[in-house]
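Below is one structure; the comments refer to it alone.
The values are calculated or read from the model by the stated rules, or taken from the named source; none is laboratory data. Fair warning: this is a prediction, and the values are worked out from it, not measured in the lab. Note that we place each Cβ from the backbone using ideal geometry, even for glycine, and neighbour counts take in every protein chain shown. With ligands, DNA and RNA removed, areas are computed over all heavy atoms of the protein, side chains included. Shrake-Rupley method; radii C 1.70, N 1.55, O 1.52, S 1.80 Å.
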Amino acid sequence: MPHRNVLRELAADTSYHCYNRGVERRDIFMDAQDYRVFLTRLKLMLSDPESLKNDKAPERVRIKSFFGRIELHAYCLMPNHFHLLLHQVSDDSMVEFMRTLSTSYTMYFNKKYERVGSLFQGRYKARRVDNAAYATHISRYIHLNALSMPGGYERYEYSSMQFLKEPYIAPSWFDPSRLLDDFGGSYDTYRKFVEEYASLDEFEYLEDRFDLA
C-alpha cells in the first residue's frame, strides 16, 4: 500500500515537509563529520554562490546551487533520519533539490564506510504544507525531535532550533522569515510556542496527529 506521504503533487511558491530515514532504520550519521558533511551540502546548495567564492571548507564539493529556488525554514538531523521544512519557488525545485542532496550524501557515506547500495529507505517522504498553522505545528514537531538529545532540543547542534534561540549565530542559508510571520516576526514568541509541547507525551501527540511515526 503506498505511503500517504509519498509526494504526488507539486506547486510553485509552496512549502513541504520532507523527511527520510536510513534503510532498515540504520544510522545515516555515524559521527560528527557525517552531520557536518550533510549540513555543508545544505550550505553549498542554498547559499548565494558569490558568497562561497572564497570558501575553503575541507568538505567543499561540486554540487548544484538552488539559491533563490529553495528556502530552508527548519531542519533536524537525527542519527537514523532527518527532517527538512522547505519552500520551493518553482514547481520542480524541491524534487531536484532532494534528489541532489540524497545522492550526494549517499556517495560520500558509501565511500567513507566502504559500502554499496541505497542508504535511505526508498524515496524521501514529503507532505505539502497547506497553511501557516500547519507549517508552525510541523516546525514544532521537527525541532522537538531532539527533545531527548544531549543538550536538549534548544541547543542540539544538528537542529535549526539553535538559530531560533540565538538568531545572531544563524547562517545565511537558513531563512525562518516565513515561519516567523505567524508570530509577528518574534523569535521569543516562536520559542514559547515550541516549549508548550516540550515533553515526550506532547511530542508523541504531534507525531500521531501528523502520522509521522
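The calculated Kirkwood hydrodynamic radius for the stretch 1-151 is 16.2 Å, given to one decimal from all distinct C-alpha pairs.
Entry note, the chain: the mean residue ellipticity at 222 nm calculated from DSSP H runs of n ≥ 4, each adding -39500 (n - 2.57), is -11500 deg cm²/dmol after division by the residues and rounding to the nearest 500. Applying the Karplus relation 6.51 cos²θ - 1.76 cosθ + 1.60 with θ = phi - 60° to the stretch 153-166 yields 3J(HN,Hα) values of 5, 6, 10, 4, 6, 10, 9, 6, 4, 4, 7, 7, 7, 10 Hz, where x marks Gly and Pro.
Proximity of backbone amide H atoms, modeled 1.01 Å from N, is registered between Y158 and no other residue at under 5 Å, excluding neighbours fewer than 5 places apart on the same chain.
Rolling a 1.4 Å probe over the protein heavy atoms gives the stretch 125-213 an accessible area of 50 Å² per residue.
Taking only protein heavy atoms and a 1.4 Å probe, the accessible area of the stretch 46-118 is 54% carbon and sulfur.
Sparsely packed loop sites in the stretch 129-213 (the GluC sites (Glu not before Pro) outside DSSP H, G, I, E and B with at most 12 other Cβ atoms within 10 Å) comprise E196. Once backbone amide H atoms are built at 1.01 Å from N, F29 has no partners under 5 Å, excluding neighbours fewer than 5 places away on the same chain. The spacing between the stretch 75-114 and the stretch 134-163, judged by their C-alpha centroids, is 18 Å. Annotation: amide H of Y197 has no partner in the under-5 Å range at sequence separation 5 or more or interchain, hydrogens built in the peptide plane. The stretch 145-213 has equivalent-ellipsoid semi-axes of 21, 15, 11 Å, by the square roots of 5 times the alpha carbon gyration tensor eigenvalues, sorted largest first. Shown in residue order for the stretch 70-78 are the 3J(HN,Hα) couplings computed by the Karplus curve 6.51 cos²θ - 1.76 cosθ + 1.60 at θ = phi - 60°: 10, 10, 10, 9, 6, 7, 8, 9, 10 Hz (x for Gly and Pro).
The Kirkwood hydrodynamic radius of the stretch 77-213, based on inverse pair distances between different Cα atoms, is 16.5 Å. Note on E196 and A12: with the Förster distance fixed at 25 Å, the Cβ-Cβ geometry gives a FRET efficiency of about 0.15. Karplus-based coupling profile of the stretch 188-199, in residue order and whole Hz: 5, 5, 5, 4, 5, 4, 5, 4, 4, 10, 7, 8, with θ = phi - 60° in 6.51 cos²θ - 1.76 cosθ + 1.60 and x standing for Gly or Pro. Cross-link pairs exceeding 28 Å in C-alpha to C-alpha distance, out of K43/K125; K112/K165; K53/K112, comprise K112/K165.
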